[in-house]
Structures are given as structure tokens and as C-alpha cells.
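The structure appears below as C-alpha cells.
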Amino acid sequence: MSAVIDYAPLLWQGLWTTVLVTVLGAIVCVGVAFAAGLARLSGRWFLRWPASVFVEVFRGTSLLVQMFWFFFALPFFGIQLAPLTAAVLALGLNEGAYAAEVVRGAIRSRPKGQTEACVALGMGPALRLRRVLVPQAIPAMLPPFGNVMVDLLKNTSLVSLVTVADLTFRAQMVRNTTGETTAVFLTILVMYFVLSLVLTLVIGMLERRFALDRKAVSAARAERRLVKAGAA
């Protein structure tokens, strides 16, 4: 265990790289999810079909193979990506394909009466999505989005295979230097768990923030406080 303490700064560097990859991958994931998810709801085939192909390809193939493709195969076509860029793209696109179905399902689950009311008010498809359907669907998206983000965090351990010096990469370096297998991997196990817990707490806060009944609950609490104050 003393060897782990001695190499703690190296593990901290890897931890910050893991956090960076997670944040950048999450940004790509959310952007891809909304773009592909909304495109799959489009009535225009030239938007819907490419989005469907993208989702099926990235969900149906291995993330590791996709990462190797971005890093090792694209240079044969004249496209050279930095290790971090290749890792973030692979993670964001792969997880974004799963999250796109979350977006599509959440919007499709909205009551038909909302769409009919929007049509009656003369709202076009884009305005309906922006002002009514997407805001109403966000609370339903957040729990599965939380699962996707935790999965993205765990999959960041694969970026070490394309030479990104993340937490797993640094842990392998420490293990090879010290021979401390159990202590090193127990340490990063706890680190990954703490990061997952932080992500879960953040998603929980967002769920409470965007809950549809939040205003109603707040109003009820305010009314109870007024009643108690009057009784006093």
C-alpha cells in the first residue's frame, strides 16, 4: 500500500484525465443524442434514415473496435486523430447512439393531446418540439441519461488502449513498476466508484430540478407554512 501512496500524484493525474474524457464524452453524447433522436422522429426520410443507420451501427458494434477504428484505421484514409480526440469521439458517438433512443422514446411517450393542442394553436413541428415536447420530456429522459453517463464513465477505462494516460493507464504503470496489483486496482476501483456516485448525485439533483410537479410541491409547502403561521 505504501507504493500506492508514493505514486499517488501519478494516479491523480490519471484521475483528472479520466474526468476530462468523461466530461468531453458526455458533451458529445448529449449533442449526438438530441441530434439523432430528433432526426429519427422527423417526417423527412433523408433525416430519419441516416440517423437510424447511425444508431444501429454504433449500438451494434463494439466500442473498443470503434475506438481502434478512429485511432488506428482512419490514418490510412489520411485522417490522423490525437489519442484524446479519438477516445472522446468513440465514447461520445457510442453512448450517444444509446441516448438517442432515450430522447426518441421520451418524446414519443408524451400524450398525443399535447401535439394535437399545439397543432390547434398553429405551432409548426420545430416550435412544438422546442416549446412543448422537449421540455415536457426532459424529466423522463434524466434517469436513463444518468445510466448512460455512468456507463460512459466506466467505459473510459478503455481509452488506455489508445495510449490516453487515464486512471487505468496510470494504474498499469504503477503496477508494472511496483508489482502491487491488489492495492493499485483496489485504489482505482474506489476512485471509479466515487466518480460514479458523484454522477448519480448530480443526475438526482437535475431530476429534482426539472421535476414536472416541483412547482406544485413548492406551492403546497408554502401553503402549509402559511397555515401553520396562521394557527400560531
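This model, with +1 at the C-beta of Lys and Arg and -1 at the C-beta of Asp and Glu, gives the chain a dipole about its Cα centre of some 1280 debye.
Separation of region 157-177 and region 129-152 by C-alpha centroid, Å? Rounded to whole Å, the Cα centres lie 32 Å apart.
Estimated purely from DSSP H runs of n ≥ 4, each contributing -39500 (n - 2.57), the mean residue ellipticity at 222 nm for the chain is -26000 deg cm²/dmol once divided by its residues. Per residue, the solvent-accessible area of the chain (1.4 Å probe, heavy atoms of protein chains only, all protein chains present) comes to 57 Å². Straightening the chain between ILE5 and THR177 buys 60.6 nm, computed as 0.36 nm per residue apart minus the Cα-Cα spacing.
Amide H contacts of ALA165 (H built 1.01 Å from N, in plane; Pro and chain starts excluded): no residue 5 or more places away or on another chain comes under 5 Å. Model label points for LEU74 and SER42, set 7 angstrom from Cα along the Cα-to-Cβ axis, are 2.3 nm apart. Computing semi-axes √(5λ) of the Cα gyration tensor in Å for the structure here picks out one of (i) 56, 19, 13; (ii) 40, 29, 10; (iii) 24, 23, 17, namely (ii). To test your reading of the geometry: what angle, between 0 and 90 degrees and rounded to tens, separates the Cα axis of helix 134-155 from the longest principal axis of the chain? Orientation of helix 134-155: about 10 degrees from the principal axis.
All other residues whose Cβ lies under 11 angstrom from that of ARG108 are scored, Lys and Arg at +1 and Asp and Glu at -1, for a net of +3.
The values are calculated or read from the model by the stated rules, or taken from the named source; none is laboratory data. Bear in mind that the values here come from a model prediction, so they are computed numbers and not experimental data. Note that we place each Cβ from the backbone using ideal geometry, even for glycine, and neighbour counts take in every protein chain shown. In case anyone asks, the SASA skips ligands and DNA or RNA and just uses the protein heavy atoms, side chains included. Shrake-Rupley method; radii C 1.70, N 1.55, O 1.52, S 1.80 Å.
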